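Take a look at the structure below.
Any read-out appearing in this document is the output of simple, stated calculations on the displayed coordinates, not a laboratory observation. These figures come from a predicted structure and were not determined experimentally.
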């Protein structure tokens, strides 16, 4: 039988979760990572094509819409309200796609 690895940096006992219990019985999914991707894309815009922003914005928007349909109303994203986050991601995706098309056609 294998021993389990310590929880963190030599602790002999696993740490208890400090998350507040959810009233619905399951933890809400917060797609914070999907909000971070287009922000990284905006920063990368300086050195990479804006298509990156369009792709990450679309992925983030899809994830946040799915989470909102499942009941998430507040995100850990800087904007907080998922409606604002979705609007930001939509603007990032459209701006990235428009800039890419403008670059290709112009």
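Things worth noting here:
- Extension gain (nm, one decimal) between residue 76 and residue 32, 0.36 nm per residue minus Cα-Cα: 15.2 nm
- Relative to its residue count, segment 32-105 spans a Cα convex hull of 65 Å³ per residue.
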